[in-house]
Structure formats: C-alpha cells, structure tokens
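Okay, structure first, notes after.
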C-alpha cells in the first residue's frame with residue numbers, strides 16, 4: 001500500500017490549506033483552513049469535502065491562522081469527532097480566532113439580510129460562534145519536538161516554523177515514509193518571532209510559496225514605518241492600519257514602542273488597538289515566552305503601547321477624536337471586522353493614511369487598496385481612496401523565495417519529491433522553477449483536488 005496525499009486546499013492558491021494523507025484505510029488531515037479572497041474561492045467553503053468528515057481519523061494543524069484552521073467548526077459540525085492535534089500556542093490562539101470567525105460569519109449574514117443584498121433568502125453564516133465553541137474541546141496540545149501518534153502507527157512531530165505563536169512544521173512518519181509539511185515559514189530576521197528551525201530529513205516535502213516569486217527589501221519594518229508615521233504626525237492625520245490580530249498587530253505594537261523610544265516619532269502619538277481578538281492575542285505573548293524574541297518586560301509593554309479598545313461603543317468613540325492618531329484594527333486584508341468602519345470614515349481624506357502590513361490575498365479589499373484602486377466598496381457603499389497608501393513590505397511574516405530556498409537547503413540530503421503549495425500560481429511556479437534549477441530536486445505544483453503519491 002502506498003501513502004497518498006490529496007490536495008483539498010492550498011494548491012495553486014494561498015488559502016484553504018487542507019492536505020489529506022491516506023494510508024491503508026486510515027486518513028489524516030493536515031490543516032483545515034478557509035478559502036479567502038475571490039468569490040469563486042470563497043464558494044469552495046460551501047462545497048462538501050470529497051471525503052466525509054466522519055471518515056477522517058485525525059486532524060493536525062500547523063498553526064492558527066484561519067486559512068489553516070478556520071474550517072474546523074464546519075468539519076466538526078458535519079460529523080468529525082476525532083482529536084485536533086496542535087501546539088499549545090495554536091490551541092490558545094484557536095480558542096480566540098475560531099469563535100471570532102463564527103461571530104463575523106453571523107454578522108455578515110445579518111447585514112446581507114438586513115439590506116436584502118443576498119441572492120439567498122435568508123443568507124446563512126457558514127458557521128456560528130457556537131459551532132466554533134463546540135469544536136474547541138477537540139483540540140489536543142503537544143510540545144515542540146515531542147513525537148505522538150494521532151493514529152496508531154502514525155508518528156507526528158512539531159518543529160518551530162517561526163511564523164506566529166505556535167506555528168509549526170509537521171513531520172509525519174507513516175508507511176515507511178517521512179513527509180514534511182512546512183506550514184507557513186517565518187523570516188530569520190522577523191522583529192519578534194524566532195527564526196524557523198532547520199527542517200528534519202524527509203522523503204517528501206510540502207513547502208509554502210506565499211512569496212515564492214519575490215525577495216523582501218533590505219529595509220526593516222522600523223525604517224519603513226518610522227518615516228510614514230513622522231509624516232502622519234506632522235500633518236495631524238489618522239492612520240488606519242488593517243492588521244492580522246495574530247502576529248502583525250503585535251509586531252507593529254513593538255515597532256511603535258521602539259520608534260518612540262528612539263525618538264523617531266513623538267512619544268505622544270496616540271495608538272489604538274481596536275480588535276478584541278488582537279487584544280486577547282497580545283496577552284498570550286507573556287504565556288509563551290521562548291517562542292518569540294521578546295522578554296517578559298517587552299511582552300508586557302505590548303499591552304501598554306496602545307489603548308486597548310474592546311467594546312463597540314469604545315470603537316465608535318474613536319470617530320469623535322481628531323488626529324494625529326494610529327488605529328490598528330482587524331481584519332488584516334480588510335475583508336471584515338471593525339477596520340471597515342475606520343476605512344469608510346478616514347479613507348477619503350488626503351491627510352490620512354492607510355498602512356498595508358502584509359500579504360493581501362487577491363480579491364480582498366486590502367489587495368485592491370494595495371494595488372492602487374481609487375474606489376472600494378464597503379457596506380454596500382462606494383468609498384473613495386484619497387488617503388496616502390503605504391505598504392510595509394518588510395512587515396511580512398512569511399519567508400521570501402531566498403529564505404525558503406535556504407530553509408530547504410539546510411535539510412542536507414535531497415528529498416525524493418517536493419510539492420509547492422500555499423501560493424498563487426505565479427509565486428508557486430516561480431519557486432518550483434528555482435527548486436528545480438538551483439537545487440536540482442524533483443518538484444511539482446499540485447492542482448486543487450489532485451491526489452499524488454507521498
């Protein structure tokens with residue numbers, strides 16, 4: 001019997017990571033993510049998986065971002081009753097992210113119904129906050145470097161991937177094969193996260209390619225963010241910063257702390273973190289010392305650097321303030337959340353600023369803003385973009401092509417097969433080409449819903 005991998009998501013696209021490993025009659029799902037971005041991708045979330053959830057024996061997550069974990073509530077609601085194996089950091093983050101995702105799904109459906117904007121009557125959420133809460137007891141946390149058996153005879157080990165808290169690469173040993181899932185790889189020079197650990201030897205590697213077609217600029221986030229906030233403070237504007245509640249929000253809080261300490265920007269510049277999920281996540285850095293570069297004092301300083309905005313009333317009250325000020329708010333690709341209210345309010349004024357801080361999936365509002373579109377749709381209204389748009393290329397939490405190749409090279413012996421995943425077609429193919437020509441390894445970009453030997 002051969003070991004096979006079915007690419008149910010994360011193939012020729014960045015989002016929706018789901019990799020189903022089959023051996024004999026058993027099935028293991030590595031990652032369980034939501035598709036995000038273009039409507040035709042999001043519609044895949046509503047289509048049943050080609051395998052019944054009741055037939056899956058175990059689930060393993062590389063990390064908590066929704067494009068890797070956000071389908072779990074649906075999988076459990078549709079019948080999956082097994083364990084979901086994670087690191088402790090991923091477990092803690094999923095307890096925050098998944099219920100929030102369900103809440104946003106409910107809010108979106110309610111908005112569509114209220115304004116009669118859906119072709120379905122009534123519009124329904126993909127899943128609810130309650131669905132998400134019901135799946136949380138299925139999470140089982142494991143330490144890095146500690147082997148465990150999610151299925152008898154199947155051995156799994158987590159190694160640090162450096163992307164966000166809890167992020168791991170997954171080594172699976174089954175049927176005489178060693179299969180390595182890179183997960184999302186962080187950067188060796190990340191401002192707050194430790195670098196990815198060198199990969200263990202494997203026969204087959206699935207490697208991410210988010211930035212498989214580019215190199216990060218030599219500047220760091222302080223060099224990019226400092227001048228932007230200087231301009232903002234001088235003209236009294238408001239900076240709206242769409243942030244991922246996990247990782248990017250904390251990186252920017254630490255960067256602002258350093259810029260104020262170095263007197264690059266005024267110490268009096270008000271900063272607001274308007275995302276209950278990001279506020280909760282920021283507190284986790286104190287509980288996971290050692291997974292990141294910050295010491296206890298620096299971790300505690302994250303929560304003091306900004307005014308933490310929790311309630312809806314507190315968020316609405318920001319509209320009554322005058323600039324200069326910086327508002328960090330989710331979601332990071334401006335697909336939903338409180339940041340939409342701030343964009344609608346401030347994007348139309350030239351003295352304001354929109355700061356894009358990371359990868360923007362094609363089809364998202366964040367991508368359209370980053371690409372220079374002058375009008376976007378928010379809450380069924382057209383919003384003009386007159387504010388200065390600043391993109392922080394150095395703030396990405398993903399490795400670039402050179403860094404990914406260096407990670408692969410550190411494996412030592414060539415694997416028998418590499419599959420390039422988690423990238424748009426151009427990025428995935430660019431990384432495939434470099435792996436083939438520079439490393440001379442056997443490499444392919446799998447198609448969505450294809451099945452390949454491991």
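Observations
- Gap separating the Cα centres of segment 93-143 and segment 187-232, nearest whole Å: 30 Å
- Residue-span extension gain [residue 118 to residue 143] - 0.36 nm each, minus C-alpha spacing: 4.5 nm
- As a rough footprinting exposure proxy, the listed residues 32, 452, 135 were ranked by other beta carbons within 10 Å of their own, and the order from fewest upward is 452, 135, 32.
- Mean Cβ neighbour count within 10 Å, used as a protection proxy, ranking 308-316, 65-73, 228-236 highest first: 65-73, 228-236, 308-316
- Placing R0 at 25 angstrom, the Cβ-Cβ distance between residue 203 and residue 55 gives a FRET efficiency of 0.50 after rounding to 0.05.
- Residues 409, 434, arranged from fewest to most other Cβ atoms within 10 angstrom of their Cβ, appear as 409, 434.
- Only beta bridges with both residues in the chain are counted; by DSSP, about 45 percent of them are antiparallel.
- Rounded to 5, the percent of DSSP beta bridges in segment 221-395 classed as antiparallel: 20 percent
- CD proxy at 222 nm, helix term only [per DSSP H run n ≥ 4: -39500 (n - 2.57); per residue of the chain; nearest 500]: -8500 deg cm²/dmol
- Shape category assigned to segment 253-315 from the gyration tensor of Cα positions, a/c cut at 1.5: oblate
- Gap separating the Cα centres of segment 251-310 and segment 321-355, nearest whole Å: 19 Å
- Gyration tensor (alpha-carbon) shape descriptor, segment 391-454, a/c threshold 1.5: oblate
- For the chain: rounded, prolate or oblate by the Cα gyration tensor [a/c cutoff 1.5]: prolate
- Each of 154, 407 has some number of other Cβ atoms within 10 Å of its Cβ, and from fewest to most they run 154, 407.
- Each Cα pair under 8 Å and six or more residues apart adds its sequence gap; the mean of these over the residue count of segment 221-395 is a relative contact order of 31 percent.
- Computed FRET value (nearest 0.05) for residue 108 with residue 440, which takes r as the C-beta separation and R₀ as 51 Å: 0.60
Read-outs throughout are calculated quantities, based only on the coordinates presented, and are distinct from any laboratory measurement. None of these values were measured; they are calculated from a predicted model. Every residue, glycine among them, receives a Cβ derived from its backbone with ideal geometry; neighbour counts consider all protein chains shown.
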